[in-house]
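**Q** Below you'll find the structure I mean.
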Amino acid sequence: MRGPHLLIRLAFPGTTGAFEKQFTVATLHTMLEAALEHGPQLDEAAVGAYRDALEGGPLQLKKGDNGALTLQAAHPHPAGKEISLQLSK
């Protein structure tokens, strides 16, 4: 939470964690929705249409050597924690 929410962060520091958790869960829900909707045909073009709930950046698809796929948020949130969902075939 940046910008206009700074006053809220300073006045109510406990609410920041709750908001960040809510956005994290919403982003993970979006990742799961993308995986379930596209199944094995999940590719970078399909993933690009989905956005994370934190900053609205497009989700990214990483392919592992063993055929595993990982969906990631565009930027680490909150406080440098990476949000990702690992899928295997």
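**Q** Just one of (1) modelled with pLDDT of 90 or more; (2) under 17 Å from Glu82 (Cβ atoms); (3) exposed (fewer than 13 other Cβ atoms within 10 Å of the Cβ) trips up Glu33, so point out which.
**A** Here Glu33 meets the rest and fails (2).
**Q** Scan the range 11-30 residue by residue and report those that are surrounded by fewer than 15 Cβ atoms within 10 Å (Cβ to Cβ), under 10 Å from the mean Cα position of the chain (by Cα) and of a type in the set (A, V, I, L, M).
**A** If the condition is that a residue be surrounded by fewer than 15 Cβ atoms within 10 Å (Cβ to Cβ), under 10 Å from the mean Cα position of the chain (by Cα) and of a type in the set (A, V, I, L, M), then Val25, Ala26 are the ones that fit.
**Q** Got a sec? Which of Glu44, Glu20 is out of contact with any Leu (no Cβ under 7 Å at 6 or more places or on another chain) and at pLDDT 75 or above?
**A** From the options Glu44, Glu20, the qualifying one is Glu20.
**Q** Please name all residue pairs, on different chains or six or more residues apart, with Cβ atoms under 8 Å, provided the first residue is in the range 40-53 and is touching a residue at least 24 places away in the same chain (Cβ under 8 Å) and the second residue is in a loop (DSSP other than H, G, I, E, B) and among the small types (Gly, Ala, Ser).
**A** Qualifying pairs under 8 Å: Asp52/Ala73; Asp52/Ala74.
**Q** What number of residues in the range 40-69 are in a helix (DSSP H, G or I) and open to solvent by less than 30 Å² (accessible area, probe 1.4 Å)?
**A** Within the range 40-69, residues that are in a helix (DSSP H, G or I) and open to solvent by less than 30 Å² (accessible area, probe 1.4 Å) number 2.
The values are calculated or read from the model by the stated rules, or taken from the named source; none is laboratory data. All values derive from a computational prediction rather than experimental measurement. Positions of Cβ are generated from backbone atoms using ideal geometry, with glycine treated the same way; all protein chains shown enter the neighbour counts. Remember, those area values only see protein heavy atoms, side chains included, never the ligands or the DNA or RNA. Shrake-Rupley method; radii C 1.70, N 1.55, O 1.52, S 1.80 Å.
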